[in-house]
1. Hey, among the residues in the stretch 17-47 that are under 23 Å from Asp306 (Cβ atoms) and without any contact (Cβ under 8 Å) to a residue 12 or more places away in the chain, which one's surrounded by the most Cβ atoms within 10 Å (Cβ to Cβ)?
2. Hey, any hits in the stretch 58-67 for a residue that's in a loop (DSSP other than H, G, I, E, B), away from the ligand (no atom under 16 Å from the Cβ) and closer than 24 Å to Met300 by Cβ?
3. Could you please find all residues in the stretch 88-105 being more than 16 Å from the ligand (Cβ to nearest atom) and open to solvent by less than 10 Å² (accessible area, probe 1.4 Å)?
4. Arg71: buried (at least 19 other Cβ atoms within 10 Å of the Cβ) and basic (Lys, Arg), yes or no?
5. Just name the residue that is nearest to the ligand (Cβ to nearest atom) out of those in the stretch 194-221 that are acidic (Asp, Glu) and farther than 30 Å from Asp86 by Cβ.
6. Sort out which residues of the stretch 42-57 are under 24 Å from Gly313 (Cα atoms) and not in a loop (DSSP other than H, G, I, E, B), and write them in order of number.
Amino acid sequence: MTTRPAVLVARGVFPEVLARLAQHFEVESNPDDTVWSAAELSARLQGKAGAFITGSERIDAALLDAHPQLRAVCNMAVGYNNIDLDACTARGVLASNTPDVLTETTADFGFALMMATARRITESEHFLRAGRWTKWSFDMFAGAEVHGATLGVLGMGRIGQAIARRGALGFGMPVLYHNRSRLDAAIEQQLGARWVDKATLLRECDHLVIVVPYSPASHHLIGATELASMKPTATLTNIARGGVVDDAALAAALRAGRIAAAGLDVFEGEPKLHPDLLTVPNVVLTPHIASASVATRRAMADLAADNLIAALGCGPHAGRPPTALNPQVLSAPTP
Ligand code: GLV
């Protein structure tokens, strides 16, 4: 009898996905969905050939060195700043993420968060729930216009483009964007989007939506100086990663009215929040759920499982994980 590879599923996941993995592997799972410490994660990786992980598991060189048997780490997230990709590649470990399947769902959420922020939806709901609504007033919770306002997109990858499309085609918004590389002119035209430098973007947009991947280069891309350069009527929405925005500077800017409002799905040090963000009224807060429709979370889990199954040489795509980040490791001689 051949022994099947052992894999770790590091967080809770759909039972159907666990069942799929169990067709190929000996699976150790985490039915309580506990967030393990680095030491606990390492202990559970003993003897595992692969790991199904999420953004809460950090895969770095030290962990990989402690587990030379590990051959694949498959992230159930499109962002992969939790994985040291170079360290994986240097050790021949396949890493994967879950792009595309979440693009439209995440863009829907980014747009919804931007609209809730501009139109003060949660702030007014809190007021109502607190029993403070005693009369209609001409300026009660008057917010910023969305249709026709200038949308600024910082980071114009797949999700940024999907947000731009919603703004331009659905809401008649002129779209400005900033990205390291410019889109093809044909795509710019299709999206009605114009590339500008970051300073112009911040100065001219009415609603800034941040969709850049997190890396040392994007750490605190938006801080006190950048916030001070925005219109006092502008809103900022962050669906990228905590750390792209300096949350302390943002809370101070919101409190001082240097910008009108913010919508945040991601936070520095989440699930902890900067305490001031919980006390300023002009911020809409959600717990990192931009991709969380039932269908999309299932698609992400299935894609992460497909990658793991294929990376460990099983299933119909054996040896060809569909969304590998470093597919070159599969053809390279074992280091
Ligand atoms: C969520 O934040 C993701 O990267 O998929």
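The values are calculated or read from the model by the stated rules, or taken from the named source; none is laboratory data. The model shown is predicted, which means the values in this text are computed figures rather than measured ones. Neighbour counts are summed over all protein chains in view; Cβ atoms, including those assigned to glycine, are modelled from backbone coordinates with ideal geometry. Note: areas computed on protein heavy atoms with side chains; ligands, DNA, RNA excluded. Shrake-Rupley method; radii C 1.70, N 1.55, O 1.52, S 1.80 Å.
1. Leu18
2. So far as the stretch 58-67 goes, yes, one or more of its residues are in a loop (DSSP other than H, G, I, E, B), away from the ligand (no atom under 16 Å from the Cβ) and closer than 24 Å to Met300 by Cβ.
3. To start, the set of residues in the stretch 88-105 that are more than 16 Å from the ligand (Cβ to nearest atom) comprises 88-94.
Within the stretch 88-105, Cys88, Val93, Leu94 meet the criteria.
4. On the way: buried (at least 19 other Cβ atoms within 10 Å of the Cβ): yes; basic (Lys, Arg): yes.
In short, yes.
5. First, pick out the residues of the stretch 194-221 that are acidic (Asp, Glu): 197, 204, 206.
This time we only want the ones that are farther than 30 Å from Asp86 by Cβ, so: 204, 206.
Numbers: Glu204: 28, Asp206: 25 Å.
That would be Asp206.
6. Across the stretch 42-57, the qualifying residues are Ser42, Arg44, Gly50, Ala51, Phe52, Ile53.
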